[in-house]
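Novice: Below: one structure in structure tokens.
The values are calculated or read from the model by the stated rules, or taken from the named source; none is laboratory data. Every value quoted in this text rests on a predicted model; they were computed, and no experiment measured them. Note that each Cβ is placed from the backbone with ideal geometry, even for glycine, and that neighbours are counted across all protein chains shown.
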Amino acid sequence: MLKLLKFEKKAEKAMAKTALFTHASFLKHKMGDVNPESPARLEKITELMFASGAESQIEKYEAKMVSYTDMLAAHDADYLQYLSRMSPKEGMTVINEDTAMNPYTWEAAQLAAGAGCQAVDGIMASQFQRAFCAVRPPGHHAHRDHSGGFCFLNNVCIAALHALGVHGLKKVAIADFDVHHGDGTSDILGGREDVLILDGFQEALYPYAHLHHCPTNAIYSPFPEGTEGEALRRTMDEVWFPALLEFKPEMIFISAGFDAHREEDQAQLLMVERDYAFLGRRFVNVLEALPDCKGLVACLEGGYSMSSLARSCVSFVRQLAS
Ligand SMILES: [Zn+2]
């Protein structure tokens, strides 16, 4: 009996395929009292992750700082120097109208980018197959040479380039379902034949860049105001997932923003928790259907209505972990 129990414990351990990366320093980065990209976002996610029991399905890791070389693969050296220079010893430095740095911001940004690279390393070492990086600041509005929309370093781009450059993967895909267009991601990885970008967002919403240019390696899926979750799901099933199956990426990166939820003030799409669960399930289905795909790494992007952010995020992560 004792032997059987031991065996069951081992089997349970081997089944823990999903990792969660986070760090206490993510709660120290603040951009003022009225900025919606606040530490409370992560606190709410962590609380619900624990209360819902989802925590038992995942293995937690502490994020580590990104290497300078990894940052340099996605960003200009001048820009990295600028961020380091702008990082205040005390008080706050305003970078642009919605983005600011306090004394902890630069460290948090480097930890957020480091989490994605660490997740890639863990997948390549067969420690786990799926990872969720519960990080802030977010990354998909960070361009090669400038920040914007609460973002400093482009976390998914840095992790994707780490997979290609350091681990020698031949091709990767990035899927972005945040309600805002991931303009920084298209700026950094647009035009590359070894990267497929899938980007779904509310049309005519910040940052408006999609109105002008869609790179050759990207599929943009703009949705009008008031689009229901069912229409979003149909696009995923008819456009995104077939594209992923055809491209056959060796790793999938996800810009996981939860601001397309119907309770969100920042936008007017009508997704609900089960839509995010659907997305999580489908990404796992795709992963399972691609024998050469080593894993997936999802990084938290937007989501500002505290309650719906936590519920949506946990619904998504539970699917990754099941
Ligand atoms: Zn967003």
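Novice: Kindly check whether there is at least one residue in the range 259-271 that is touching a Lys or Arg at 6+ places or on another chain (Cβ under 7 Å) and within 16 Å of the ligand (Cβ to nearest atom).
Specialist: Of the residues in the range 259-271, the ones touching a Lys or Arg at 6+ places or on another chain (Cβ under 7 Å) are 270-271.
Subset that is within 16 Å of the ligand (Cβ to nearest atom): 270-271.
Yes: one or more hits.
Novice: Can you work out which of the residues in the range 295-309 that are within 16 Å of the ligand (Cβ to nearest atom) and of a type outside the set (S, T, Y) is nearest to N155 (Cα to Cα)?
Specialist: From the range 295-309, those within 16 Å of the ligand (Cβ to nearest atom) are 298-306, 308-309; that's our starting set.
Narrowing the set further to residues that are of a type outside the set (S, T, Y) leaves 298-303, 306, 309.
Details: A298: 10, C299: 7, L300: 9, E301: 9, G302: 13, G303: 16, M306: 22, L309: 19 Å.
Among those residues, the one meeting the criterion is C299.
Novice: If you go through the range 252-266 one residue at a time, how many are modelled with pLDDT of 95 or more and more than 25 Å from A115 (Cβ to Cβ)?
Specialist: 2
Novice: Filter the range 177-204 down to residues that are modelled with pLDDT of 95 or more and over 18 Å from the mean Cα position of the chain (by Cα), then give me how many there are. Walk me through how you get there before you give the answer.
Specialist: At the first step, the residues of the range 177-204 found to be modelled with pLDDT of 95 or more are 177-202.
Right, trim to over 18 Å from the mean Cα position of the chain (by Cα) and you get 191-194.
Selection size over the range 177-204: 4.
Novice: Could you tell me which residue of the range 264-322 is surrounded by the fewest Cβ atoms within 10 Å (Cβ to Cβ), considering only residues that are more than 20 Å from H140 (Cβ to Cβ), among the small types (G, A, S) and free of Cβ contacts under 8 Å to residues at least 60 places away in the same chain?
Specialist: A289
Novice: In the range 210-263, which residues are aromatic (F, W, Y), surrounded by 22 or more Cβ atoms within 10 Å (Cβ to Cβ) and not in a strand (DSSP E or B)? Let's see the steps before the verdict.
Specialist: First, pick out the residues of the range 210-263 that are aromatic (F, W, Y): 220, 223, 240-241, 247, 253, 258.
Of the ones still in play, those that are also surrounded by 22 or more Cβ atoms within 10 Å (Cβ to Cβ) are 223, 240, 253, 258.
W240, F258, listed by residue number.
Novice: Looking only at the range 53-87, count every residue that is in a loop (DSSP other than H, G, I, E, B), surrounded by 15 or more Cβ atoms within 10 Å (Cβ to Cβ) and at pLDDT 95 or above and tell me the total. Working first, answer last.
Specialist: Just the residues of the range 53-87 that are in a loop (DSSP other than H, G, I, E, B), to begin with: 53, 58, 63-67, 75-76, 87.
From the residues that got through so far, the ones that are surrounded by 15 or more Cβ atoms within 10 Å (Cβ to Cβ) too are 58, 63-67, 75, 87.
So of that shortlist, the ones also at pLDDT 95 or above come out as 63-67, 75, 87.
Selection size over the range 53-87: 7.
Novice: Within the range 76-99, can you find the residues that are of a type in the set (F, W, Y) and in contact (Cβ under 8 Å) with a residue 40 or more places away in the chain?
Specialist: Residues of the range 76-99 of a type in the set (F, W, Y): 79, 82.
Answer for the range 76-99, where residues must be of a type in the set (F, W, Y) and in contact (Cβ under 8 Å) with a residue 40 or more places away in the chain: just Y79.
Novice: Looking at the range 1-31, which of the residues that are modelled with pLDDT under 90 and surrounded by 12 or more Cβ atoms within 10 Å (Cβ to Cβ) is farthest from S56 (Cα to Cα)? Break it down stepwise before answering.
Specialist: Taking the range 1-31 and keeping what is modelled with pLDDT under 90, we get 1-17.
Next cut, surrounded by 12 or more Cβ atoms within 10 Å (Cβ to Cβ) only: 16-17.
Numbers: A16: 9, K17: 12 Å.
Of everything passing the filter in the range 1-31, K17 is farthest from S56 (Cα to Cα).
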